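Student: Mind having a look at this structure? Questions to follow.
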Amino acid sequence: MQINTHLQQLKDNYLFTEIANRTQAYQRVHPEAHVLRLGIGDVTLPLPSVIIDAMHRAVDELAHVETFRGYGPEEGYHWLRQAIIDNDYVPRGIHLTPEEVFISDGAGSDLGNLSDLFDTANTVAILEPSYPAYVDTSRMAGRQIIWLPCLEQNNFYPDLPAQKADILYLCFPNNPTGTTLTKDQLQRFVDYALAHKSIIIFDSAYEIFIEDPDVPHSIYELEGAKQVAIEIRSYSKTAGFTGVRCGYTIVPKETGLQQMWYRRQCTKYNGTSYISQRGAEAIYSPEGKAQVMSNIHHYKQTAQLIANGLRDLGYDVWGGKNAPYVWCRTPHGMDSWSFFDSLLEQCQVVCTPGVGFGTLGEGFVRFSAFSDRKEVEEALKRMQTIA
Ligand code: MLT
């Protein structure tokens, strides 16, 4: 037996595991401390009641022989796939068939699983800084990475790859910087992919935060994108499903990958739980939409509170509009982990060190608007003492 040695090249700990370990270590020494968590983007509001009711009904169905369900379709139930098309795409003039919609257990798994579709010799373009899963997934497969720097000078907007990239991971609204692309800016990437016969894996987990009319909600709003893009969405951040687990992936037939992905899923994935899918379906009811948007409105306000609060304290910040993350430069040229440690030690506040998203994240930290509002207010108050 030979192990996959590529895995040995990963950092010892995944970013959010390292943050959790450091936070726990601090809490062991200071059990009395009330640590405020503004680090990982995990939702804090409970699930909307309409979703809870739908999941209760689904559980009850499973209790009776007449309504019991066992294995579902690997690609998800037709009623949810159709609801996705009707609500998330048709209103934007995008027409998909249910065979192109694959229900998943969230964005994270499919971001990695899609790797199965492509030869390991393919080169991968990844924004830097970026959500670490794209990098880890590519490294696990031993693929060569081409970095697309996102620098403060250009508002964290990436340029096209200078050399040929076979696969491009794009995430907009961006995690961690909160940057968005206009239609024209995203079209450049689609045109690049068309010209180079590349594929874009478009992580659209934060789509619901978009407010500006010029920012596309789906990559399929762009000319030619159905030939070159796979879009990944998640209910984690939209509807509070980080624990429930449900999302979806669009693989258009025009990519030539739809049948391959279906075949792959039939072997390796037994489907998302019936209960989660019924919960997701409820998001698309009129009541569901209203309740979900009320939660999103709350998080958007929290994002503004963090961004404005940090600005008032003298920090340089980006994001927080069209996105739930606020990207903040560390003071006095401190490196990301030193600032993380001092914020934890002096204020008992947890953030995410920017360098955890790549070397170009060094000198920045990220704050999450999914945090509890009262904890955010308290965190900003405590941070006055170190401003
Ligand atoms: C983040 O904090 O970047 C994300 O919430 C983590 C995740 O989605 O896995």
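The values are calculated or read from the model by the stated rules, or taken from the named source; none is laboratory data. Since we're looking at a predicted model, the values are computed, not measured. Quick reminder, even Gly has a Cβ in these numbers, built from the backbone with ideal geometry, and neighbours come from all protein chains shown. Surface areas here come from the heavy atoms of the whole protein model, side chains and all, with no ligands, DNA or RNA. Shrake-Rupley method; radii C 1.70, N 1.55, O 1.52, S 1.80 Å.
Student: Tell me, which residue of the stretch 177-197 that is buried (at least 21 other Cβ atoms within 10 Å of the Cβ) and out of contact with any Phe, Trp or Tyr (no Cβ under 6 Å at 6 or more places or on another chain) is nearest to residue 326 (Cα to Cα)?
Tutor: Among those that are buried (at least 21 other Cβ atoms within 10 Å of the Cβ) and out of contact with any Phe, Trp or Tyr (no Cβ under 6 Å at 6 or more places or on another chain), it is 186.
Student: Something else about it: Quick one: is residue 382 in a strand (DSSP E or B) and under 16 Å from residue 315 (Cα atoms)? Step through it out loud before you land on a result.
Tutor: Values: in a strand (DSSP E or B): no; under 16 Å from residue 315 (Cα atoms): yes.
Taking the combined requirement at face value, the residue does not satisfy it.
Student: Something else about it: Just to be sure I understand, how many residues within the stretch 213-229 are under 19 Å from the mean Cα position of the chain (by Cα) and either of a type in the set (Phe, Trp, Tyr) or farther than 15 Å from residue 324 by Cβ (or both)? Don't jump to the end; show me each part of the working.
Tutor: In the first step, residues of the stretch 213-229 are kept if they are under 19 Å from the mean Cα position of the chain (by Cα); the result is 215-220, 229.
Next, only the ones that are either of a type in the set (Phe, Trp, Tyr) or farther than 15 Å from residue 324 by Cβ (or both) stay: 216-220, 229.
So the count comes out to 6.
Student: Applying the selection to the stretch 1-47, what residues are surrounded by 10 or more Cβ atoms within 10 Å (Cβ to Cβ) and among the acidic types (Asp, Glu)?
Tutor: 18, 42
Student: With respect to residue 169, determine if the residue is open to solvent by 20 Å² or more (accessible area, probe 1.4 Å), touching an Asp or Glu at 6+ places or on another chain (Cβ under 8 Å) and within 16 Å of the ligand (Cβ to nearest atom).
Tutor: Details: open to solvent by 20 Å² or more (accessible area, probe 1.4 Å): no; touching an Asp or Glu at 6+ places or on another chain (Cβ under 8 Å): yes; within 16 Å of the ligand (Cβ to nearest atom): yes.
For residue 169, the condition - open to solvent by 20 Å² or more (accessible area, probe 1.4 Å), touching an Asp or Glu at 6+ places or on another chain (Cβ under 8 Å) and within 16 Å of the ligand (Cβ to nearest atom) - is not met.
To keep it simple, each residue is scored yes or no on (1) in contact with a strand residue (DSSP E or B) (Cβ under 8 Å, 6 or more places away or on another chain); (2) away from the ligand (no atom under 16 Å from the Cβ).
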| residue | (1), (2) |
| --- | --- |
| 230 | yes, yes |
| 234 | yes, no |
| 242 | no, no |
| 247 | yes, no |
| 255 | yes, yes |
| 266 | no, yes |
| 273 | no, yes |
| 280 | yes, yes |
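Student: OK, next. Can you pull out the residues in the stretch 325-350 that are more than 17 Å from the chain's Cα centre (by Cα) and within 12 Å of the ligand (Cβ to nearest atom)?
Tutor: Residues of the stretch 325-350 more than 17 Å from the chain's Cα centre (by Cα): 328-350.
The answer is 350, and nothing else.
Student: Which one of 305, 313 is away from the ligand (no atom under 16 Å from the Cβ), open to solvent by 30 Å² or more (accessible area, probe 1.4 Å) and within 24 Å of residue 211 (Cβ to Cβ)?
Tutor: Values: 313 fails: within 24 Å of residue 211 (Cβ to Cβ).
Of the residues listed, the single one that is away from the ligand (no atom under 16 Å from the Cβ), open to solvent by 30 Å² or more (accessible area, probe 1.4 Å) and within 24 Å of residue 211 (Cβ to Cβ) is 305.
Student: If you go through the stretch 156-165 one residue at a time, do you hit one that is within 15 Å of the ligand (Cβ to nearest atom), in contact with a Leu (Cβ under 7 Å, 6 or more places away or on another chain) and among the charged types (D, E, K, R)?
Tutor: Step one: list which residues in the stretch 156-165 are within 15 Å of the ligand (Cβ to nearest atom), which gives none.
Scanning the stretch 156-165, I find no residue that is within 15 Å of the ligand (Cβ to nearest atom), in contact with a Leu (Cβ under 7 Å, 6 or more places away or on another chain) and among the charged types (D, E, K, R), so the answer is no.
Student: In the stretch 120-149, which residues are in a helix (DSSP H, G or I) and either more than 16 Å from the ligand (Cβ to nearest atom) or of a type in the set (A, V, I, L, M, F, W, C) (or both)? Even if it seems obvious, please write down each step before you answer.
Tutor: First, pick out the residues of the stretch 120-149 that are in a helix (DSSP H, G or I): 132-140.
Scanning the stretch 120-149 gives 133, 135, 138, 139, 140.
Student: Taking residue 355, is it out of contact with any His (no Cβ under 8 Å at 6 or more places or on another chain), in a helix (DSSP H, G or I) and within 16 Å of the ligand (Cβ to nearest atom)? Spell out the reasoning first.
Tutor: Details: out of contact with any His (no Cβ under 8 Å at 6 or more places or on another chain): yes; in a helix (DSSP H, G or I): yes; within 16 Å of the ligand (Cβ to nearest atom): yes.
Yes; evaluated as a whole, the condition is true for this residue.
Student: Scan the stretch 265-293 residue by residue and report those that are more than 16 Å from residue 241 (Cβ to Cβ) and part of a helix (DSSP H, G or I).
Tutor: 265, 266, 267, 268, 286, 287, 290
Student: Surrounded by 15 or more Cβ atoms within 10 Å (Cβ to Cβ) and at pLDDT 95 or above: does that describe residue 361? Give the derivation first.
Tutor: Numbers: surrounded by 15 or more Cβ atoms within 10 Å (Cβ to Cβ): yes; at pLDDT 95 or above: yes.
So residue 361 fits the description; yes.
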